[in-house]
Amino acid sequence: MRESTKMLLHYITGLLIVVTGLIHLLANNDPNVGKLITGNVYLYLTNMSVFLASLLYHAFNGIRVILIELVPDACWTRLIGWALLLIGIATYAVGIQVLLMSLGLV
Amino acid sequence: MEQSSMDLWKPIKVIRLRVYRYNPKKDYFPEWREYEIEVSRGTTILDALLRIKEEIDPSLSFRYSCGQALCGSCAMMINGRQMLACRTRVLEVAHGRDLVELRPLDNFPVIRDLACDFTSFFEKHRAVKPWIIRKDSDELDNPTGEYKQSIEEYARYYQFTDCLKCGACYSACPTTATDHAYLGPQALSQAYRYMVDSRDDGFDERIPIVDTEHGCWRCHFATSCSDVCPKYVDPAQGIQLLKKLIIRRKFGLKPHRPAEVLPSKIGEVKRR
Ligand code: SF4
Ligand code: SF4
Ligand code: FES
């Protein structure tokens with residue numbers, strides 16, 4: 001994947017964090033939106049999975065950027081990318097499992 | 001009383017120049033050496049260094065060539081800021097005090113004293129292919145006319161043609177300080193300069209060079225580079241425009257909207 005695609009995703013996930021984070025906040029604190037979102041478990045699940053995915057991508061890509069600037073070595077850069085991708089996927093899987101359990105879906 | 005032009009060159013103050021001395025081949029550590037010289041209003045840092053070399057310490061090393069802010073070889077840290085020695089007056093940077101500190105550019109290995117090694121800087125410059133790339137090789141070999149360009153097309157890259165390759169921006173860049181593989185503000189803004197040139201066909205050739213882990217995306221837009229450029233080039237802006245160019249291309253959009261660069265921009269840049 002070209003660096004521009006990774007960074008474009010970084011900016012898009014930044015925006016998604018704001019939007020889905022706001023929905024999440026309103027769902028838990030605003031009675032009207034809360035009824036609408038938490039009332040529909042799949043809507044809530046979709047919002048939370050997009051929120052979690054965006055948050056993880058944005059955070060781990062940020063860490064990748066910091067690390068490759070600190071250790072500018074081609075082999076190390078590739079290693080950092082793969083390691084963070086695997087940690088990110090594992091964290092996402094655990095997050096989704098917790099979410100499904102809390103919603104009583106598993 | 002009227003001042004004659006000769007009065008401008010009369011010594012009016014004694015200044016202490018604190019100069020960084022280091023020969024990596026011989027010395028374990030760098031050291032600071034102080035020289036006292038009389039300066040007049042017009043004395044530049046380069047004049048002062050030349051006088052030290054001629055009259056006090058011939059072993060002092062520094063680089064210069066044109067003496068008139070054209071070649072970029074005399075860039076150094078003057079009181080902690082990247083400047084051209086030939087264009088900086090001693091009394092201007094002394095700010096009423098009697099001490100001026102000179103050291104080599106940051107982010108460059110030192111060859112000796114104030115002279116730095118520009119090898120990697122020029123390698124990065126060369127890496128972005130800073131020349132016009134054309135597909136019509138027949139026309140190149142047997143030209144039938146000039147490659148014409150409108151004033152709007154010229155205005156897109158005009159300011160970047162002023163780059164002296166002095167290294168001041170590279171030296172001020174915090175990303176370059178940690179990421180030695182980062183292409184740096186000079187090379188990236190030059191890549192932009194050629195990629196938007198309407199006569200150039202090398203866009204796709206340069207993409208794999210600038211759109212990489214250590215390419216334009218590593219610029220955090222702190223603009224320290226533009227802040228110190230002695231020729232008022234704005235490399236930070238060039239890098240942001242380069243990012244925009246790449247993203248627009250990704251979505252199949254034209255590099256620029258027609259109204260984006262107005263002819264008046266040239267006048268604006270020239271007035272600075
Ligand atoms: S952009 Fe400015 S500071 Fe950087 S190398 Fe060119 S002239 Fe020097
Ligand atoms: S704007 Fe970009 S290139 Fe310029 S100093 Fe900052 S990080 Fe470096
Ligand atoms: S000596 Fe050429 S720019 Fe200073």
Inset, instruction - Would you point out the residue of the range B:155-185, among those that are among the polar types (S, T, N, Q) and more than 16 Å from ligand 3 (Cβ to nearest atom), that is farthest from the chain's Cα centre (by Cα)? - result: B:THR178
Inset, instruction - Of the numbered conditions (1) over 20 Å from B:ARG126 (Cβ atoms); (2) free of Cβ contacts under 8 Å to residues at least 60 places away in the same chain; (3) away from chain A (no Cβ under 14 Å), B:HIS220 fails exactly one; give the number of that condition. - result: (3)
Inset, instruction - Tell me the helices (runs of 4 or more DSSP H) entirely within the range B:187-272 that contain at least 1 residues that are within 17 Å of the chain's Cα centre (by Cα), within 16 Å of ligand 2 (Cβ to nearest atom) and at pLDDT 95 or above. - result: B:224-228, B:235-250
Legend entry - Pairs, first within 11 Å of chain B (Cβ to nearest Cβ) in the range A:1-21, second crowded, with 17+ Cβ neighbours inside 10 Å and outside any helix (DSSP H, G or I), C-beta under 7 Å, six or more apart: A:ARG2/B:ASP211; A:GLU3/B:ASP211; A:GLU3/B:THR212; A:GLU3/B:GLU213; A:GLU3/B:GLY215; A:SER4/B:ASP211
Inset, instruction - Taking A:LEU67 as the residue in question, decide whether it is part of a helix (DSSP H, G or I), in contact with a Leu (Cβ under 9 Å, 6 or more places away or on another chain) and either within 14 Å of chain B (Cβ to nearest Cβ) or among the polar types (S, T, N, Q) (or both). - result: yes
Inset, instruction - Kindly check whether there is at least one residue in the range B:65-72 that is more than 14 Å from chain A (Cβ to nearest Cβ) and more than 16 Å from ligand 1 (Cβ to nearest atom). - result: yes
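Take the residues of the range A:72-86 that are modelled with pLDDT of 90 or more and within 10 Å of another protein chain (Cβ to nearest Cβ): which is farthest from A:LEU15 (Cα to Cα)? Write out each step before concluding.
First pass over the range A:72-86, keeping only residues modelled with pLDDT of 90 or more: A:79-86.
Then keep just the ones that are within 10 Å of another protein chain (Cβ to nearest Cβ); that gives A:80-81.
Details: A:ILE80: 25, A:GLY81: 22 Å.
Selected residue: A:ILE80.
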Legend entry - Residue count for the range B:30-48, restricted to those that are over 18 Å from B:ALA115 (Cβ atoms) and among the aromatic types (Phe, Trp, Tyr): 0
Legend entry - Single residue of the range B:147-178 satisfying the filter (assigned to a helix (DSSP H, G or I) and touching a Cys at 6+ places or on another chain (Cβ under 8 Å)) that is farthest from the other protein chains (Cβ to nearest Cβ): B:ALA168
Inset, instruction - Could you tell me whether any residue of the range A:87-98 is touching a helix residue (DSSP H, G or I) at 6+ places or on another chain (Cβ under 6 Å) and under 20 Å from A:TYR11 (Cα atoms)? - result: yes
Legend entry - The lone exception for B:TYR182 - which of (1) surrounded by fewer than 19 Cβ atoms within 10 Å (Cβ to Cβ); (2) within 13 Å of ligand 2 (Cβ to nearest atom) it fails: (1)
Inset, instruction - Check B:GLU146, B:GLU101, B:GLU123, B:GLU139 and return the single one that is of a type in the set (Asp, Glu), away from ligand 2 (no atom under 16 Å from the Cβ) and surrounded by 14 or more Cβ atoms within 10 Å (Cβ to Cβ). - result: B:GLU101
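The values are calculated or read from the model by the stated rules, or taken from the named source; none is laboratory data. Every value quoted in this text rests on a predicted model; they were computed, and no experiment measured them. No Cβ is skipped: glycine too gets one built from the backbone with ideal geometry, and neighbour counts run over all protein chains shown.
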